[in-house]
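Okay, so here's the structure we're looking at.
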Amino acid sequence: MKALGGSQGQLMGMFLLEALVLAVAGVAAGFVVGSAAAWAISEGNFHTATLPHLSVLPLVLLLNVAIAAMAAMLPVRVLRGLQRRRC
C-alpha cells in the first residue's frame with residue numbers, strides 16, 4: 001500500500017480497522033458456537049437447557065477488541081518504520 005502511494009495514516013488506520021473487524025467477527029462467531037456447544041453439552045449430560053447470557057457479551061467484546069488493538073500495535077510500529085523509496 002505504501003508503494004502505491006498510501007499515506008502513513010491511511011495504512012495504519014486500515015491495519016487497525018482490519019484487526020478490530022476480525023476481533024468483532026471472532027466474538028460473534030465464538031458466542032454463537034460457544035452457546036450452541038454449552039446448550040448441547042448441558043442437554044446431553046444434565047437433560048436441561050443452558051441459555052446464553054447476553055449480559056457477558058459487552059465485556060467479552062470490549063476485552064477482545066482491546067486485545068486485538070494491542071496485538072496490532074507491533075506490526076503498526078513496524079509499518080511506521082518503513083520508508084517509501086523513490087526510484
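Rolling a 1.4 angstrom probe over the protein heavy atoms with all chains in place gives the chain an accessible area of 78 Å² per residue.
Expressed as a whole percent, how much of the Cα-Cα distance distribution for the chain exceeds 15 Å?
On the way: 2538 of 3741 pairs.
Above the 15 Å cut-off, the chain has 68 percent of its Cα pairs.
As a fraction of the 1.4 Å probe accessible area of the chain, surface on carbon and sulfur atoms comes out at 73 percent. Converting phi to 3J(HN,Hα) with the Karplus coefficients 6.51, -1.76 and 1.60 and the offset θ = phi - 60°, the range 10-22 yields 5, 5, 5, x, 5, 5, 5, 4, 4, 5, 6, 5, 5 Hz in sequence order, with x at every glycine or proline. 3J(HN,Hα) couplings calculated from phi for the range 25-33 with the Karplus curve 6.51 cos²θ - 1.76 cosθ + 1.60 (θ = phi - 60°) are, in sequence order, 5, x, 5, 5, 5, x, 5, 5, 5 Hz; Gly and Pro show x.
The values are calculated or read from the model by the stated rules, or taken from the named source; none is laboratory data. Not measured: the values here are computed from a predicted model. Side chains are part of the model used for accessible areas, which takes the heavy atoms of the whole protein and leaves out ligands, DNA and RNA. Shrake-Rupley method; radii C 1.70, N 1.55, O 1.52, S 1.80 Å.
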